[in-house]
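Beneath this line is the structure, given in structure tokens, with notes to follow.
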Amino acid sequence: MILAAIDIGSNATRLLIMQVEQYQGGQIDYTKLNFLRIPLRLGTEVFTSGYISEVKTRALTNTMKIYASLMKLYKVTGYRACATSAMRDAKNGAEIASALKKDSGIDIQIISGSEEADIIYQTHIADNMNPARSYLYIDVGGGSTELILFSKGKITFKESFNIGTLRLLNHGVSDKQWKSLKSFIKMQTKGLGDLKAIGSGGNINKIQSLSKLKEEKLMSSELLNTYYEELRNLSTPERMHFYHLRRDRADVIVPALRIYTSVLRWADISEIYIPKIGLADGLIRMLFSEQK
């Protein structure tokens, strides 16, 4: 079957179209047919004014119409569209979601931070890890950071924090929020021993690509810190030039690395695995389970 997932984030919207087939013995094969990312940056307005403007609404409407056309072209049999931090914080978010359904035909669900963490969990990335170990899943977005702790094959906690790249760029994260995140991580990871991290999000994926490490290889926190120090000392144009980054990646990659490196330091984690999965992947897996 052909399934699609739409992720309307604070920094960008994403459409993922996949062919999902069950192989012999119950193994599920996921084959990516198309992936489209549009950097709308809804959070830039929401985290300062509390609203999504008419200009951004028109851009979002046009994007959803394009997504609807692509899903029709690929003969998608099922889809799910979710909006995260920016839309749930916007005072006109529900109104815009209703208008989008009328204009594009796409039914958008505005989800909570807890629901976002639940969907990410559907990727079952921890199933491929050592069940005797503990893993901290870190997903950094434009408006929020989701944390999931797997300990000995079980979930210890799933939490969402309103600390994201666009909020940091717009000085929307207080010292109190940072201290709360630090205290939570230290308390929840105390005594876990050799804890490993799993990182997801466009910025950590870009660092993984820049490092030339294979996806199955663990990246050291030391190397991640090195990239953070190098990039934070460059201007946005310099990051674009020297690291061949898009402008919409070059400005958010530093606050993203600040979040990742801080979490690793507070949890005393020395290595992070970057499997290149996220919310859209979780949505596809949820859809398949429901339709199967």
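No value in this document is a laboratory result; all are computed from the given coordinates. Note that the coordinates shown come from a computational prediction; the quantities given were computed from them, not determined experimentally. FYI the Cβ positions are ideal-geometry reconstructions off the backbone, even for glycines, and counts take in every protein chain you see.
Worth a mention:
- Over 20 Å [Cα-Cα, segment 72-216], rounded percent: 59
- Segment 1-42 pair-distance distribution - Cα-Cα, 5 Å bins, rounded %: 6, 23, 20, 17, 12, 10, 6, 3, 1
- Relative to its Kirkwood radius, the Cα radius of gyration of segment 185-246 gives an Rg/Rh of 1.05.
- When the convex hull of its Cα atoms is projected in every direction, mean area for segment 209-292 (nm²): 7.1
- Contact order relative to length of segment 189-292, as percent, for alpha carbon pairs under 8 angstrom and 6 or more apart: 49
- Over 23 Å between alpha carbons, listed pairs 56/102; 154/186; 75/102; 32/276; 152/206; 72/276: 152/206; 72/276
- For the chain, the residue among 282, 253, 220 whose Cα projects farthest onto the positive side of the dipole built from Cβ charges is 253.
- Packing-based ranking, highest mean first, of 183-194, 58-69 given that Cβ atoms within 10 Å are counted: 58-69, 183-194
- Residue 74-residue 95 pseudo-label distance in nm [points 7 Å out on the Cα-to-Cβ vector]: 3.3
- Helix content alone sets the calculated 222 nm mean residue ellipticity of the chain: runs of n ≥ 4 DSSP H residues at -39500 (n - 2.57) each, divided across all residues, give -13500 deg cm²/dmol.
- Amide hydrogen proximity for residue 109: with H placed 1.01 Å from N in the peptide plane, the residues at 5 or more positions away or on another chain lying under 5 Å are 81, 82, 83.
- The share of Cα pairs per 5 Å bin across segment 63-145, counted from zero up to the longest distance, runs 3, 12, 18, 18, 17, 15, 9, 5, 3, 1 percent.
- Cα Rg, Dmax (largest Cα-Cα span) when computed across the chain, Å: 18.7, 53
- Straightening the chain between residue 246 and residue 289 buys 11.9 nm, computed as 0.36 nm per residue apart minus the Cα-Cα spacing.
- Annotation: amide H of residue 277 within the under-5 Å range of 201, sequence separation 5 or more or interchain, hydrogens built in the peptide plane.
- Formal net charge of residues neighbouring residue 57 (Cβ-Cβ distance under 12 Å; K, R +1; D, E -1): -2
- Added length on full extension, which subtracts the Cα-Cα distance from 0.36 nm per residue, residue 194 to residue 175: 4.0 nm
- For the chain, complete DSSP H runs whose alpha carbons reach 27 Å or more along their own long axis and whose mean Kyte-Doolittle score is -1.0 or higher are 54-73.
- Mean projected area of the convex hull spanned by the Cα atoms of segment 135-177, taken over all viewing directions: 3.1 nm².
- As a calculated quantity, the FRET efficiency between residue 33 and residue 133 at R0 = 35 Å, using C-beta atoms, amounts to about 0.55.
- What the Kirkwood sum gives for segment 6-109 is a hydrodynamic radius of 14.5 Å, with every pair of different alpha carbons counted.
- For a label point 7 Å along the Cα-to-beta-carbon line of residue 53, residues of segment 80-116 with backbone N under 17 Å: 87, 90-93
- Cβ-derived FRET efficiency at R0 35 Å, residue 187 paired with residue 212, nearest 0.05: 0.45
- For the chain: relative contact order, % (alpha-carbon pairs under 8 angstrom, 6 or more apart): 19
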